[in-house]
1. Can you list the HN-Hα couplings for region B:43-60, worked out from phi with the Karplus curve (6.51, -1.76, 1.60; θ = phi - 60°), rounded to whole Hz and with x for Gly and Pro?
2. What residues have an amide H closer than 5 Å to that of B:VAL27, excluding those fewer than 5 places away on the same chain, when H is modeled at 1.01 Å from N in the peptide plane?
3. Set the Förster distance to 22 Å, then compute FRET efficiency between B:ALA95 and B:GLU22 from the Cβ-Cβ distance, nearest 0.05.
4. Using the Karplus curve 6.51 cos²θ - 1.76 cosθ + 1.60 with θ = phi - 60°, work out ³J(HN,Hα) for each residue of region A:87-92 in order, rounded to whole Hz, and write x for Gly and Pro.
5. I need the calculated FRET efficiency for the pair B:ARG71 and A:ASN33, taking r as the beta carbon distance and R₀ as 45 Å, to the nearest 0.05.
6. What distance in nm separates the simple spin-label points at B:ALA78 and B:ASP63, each placed 7 Å from Cα in the Cβ direction?
7. Measure nothing but the geometry: give the 0 to 90° angle between the long axis through the Cα atoms of A:28-44 and the longest principal axis through the Cα atoms of chain A, rounded to 10°.
8. Given 0.36 nm per residue, what is the gain on full extension from A:GLU25 to A:ALA106 after removing their alpha carbon distance, in nm?
Amino acid sequence: MSKPFSMRMDDDTHKALREHAARTEVNPSKLVNRYVREGVRMDKHPAVTFRTTSLGRRAVVLASRPRLQVIDVIGTWNDNKQDVPKTARYLHLTEDEVQAVLRYYADHRDEVERDLEDHLAAQRNYKRVLEQREARTRSRAAIG
Amino acid sequence: MTERPELQEKSDAALLRIATDERRVIVTNNVRDFALLVETFGLAGESQFGVLFTHNRTFPRTDDGIGALVRSLESFVAGKAEDWLMDSCMYLPSA
């Protein structure tokens, strides 16, 4: 569900937006929507930023760990029975950084849990695919 | 990764290329991104040194899980050629 929203943009920003949209083959309107959506979240949660992966945008822990996704922190926090010091130690983060991610999680719980479930489902699914491939290879070798 | 902060800014593809240059296998639980990358490298005819996936259920991200992971890695590499996983991927079996 989206609503139209008109805005004024300075010439340089408009030109930069158009060029970036063309370069990345993303509709300028969608790009602005993404910048506002992520910008509002980053203003509220300075410990979190976003990066592009082959499968889309991911929320990651800013600080010094841009490869560490929010779902990594939440998954580790769950594995450690929601113990913040243990989670921080495991991931080499400060406890404040873990708390900051937990605040982001509290605000976007459904989205983070969906992302985490996709992450775990991919682990299960690809394991099954690799096992099936291997079984078929063994079966063909036995027949041949 | 925490010992090499310069790698933090790299994309997954760049990381896989660096690991290949250094003749290292990537060990990751990030199947969603790296499985796609393994297939993408294959489709492009680009070689990579191997990716070893871990499953969160088999190797929970806890202190105990690290011990199990290290034991399993030691057991996995024993007796295998360095390039055993070249251009492929698999799940790390639990030792």
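Bear in mind that the values in this text are calculations on the coordinates, not laboratory data. Just so it is clear, the structure is predicted and the values come from calculations on it, not from any experiment. A quick note on method: Cβ atoms are made from the backbone with ideal geometry, for glycine too, and the neighbour counts reach across all protein chains shown.
1. Each residue of region B:43-60 in turn: 5, 8, x, 9, 7, 9, 7, x, 10, 10, 8, 10, 9, 4, 6, 6, 10, x Hz.
2. B:LEU52
3. Values: r = 25 Å, r/R0 = 1.13.
Approximately 0.30, to the nearest 0.05.
4. For region A:87-92, the Karplus curve yields 4, 4, 5, 4, 8, 6 Hz.
5. The pair B:ARG71/A:ASN33 has a calculated efficiency of 0.40.
6. Simple spin-label model gives 2.6 nm for this pair.
7. 90 degrees
8. Details: separation 81, 0.36 × 81 = 29.16 nm, distance 3.31 nm.
Residue separation times 0.36 nm, minus the Cα-Cα distance, leaves 25.9 nm.
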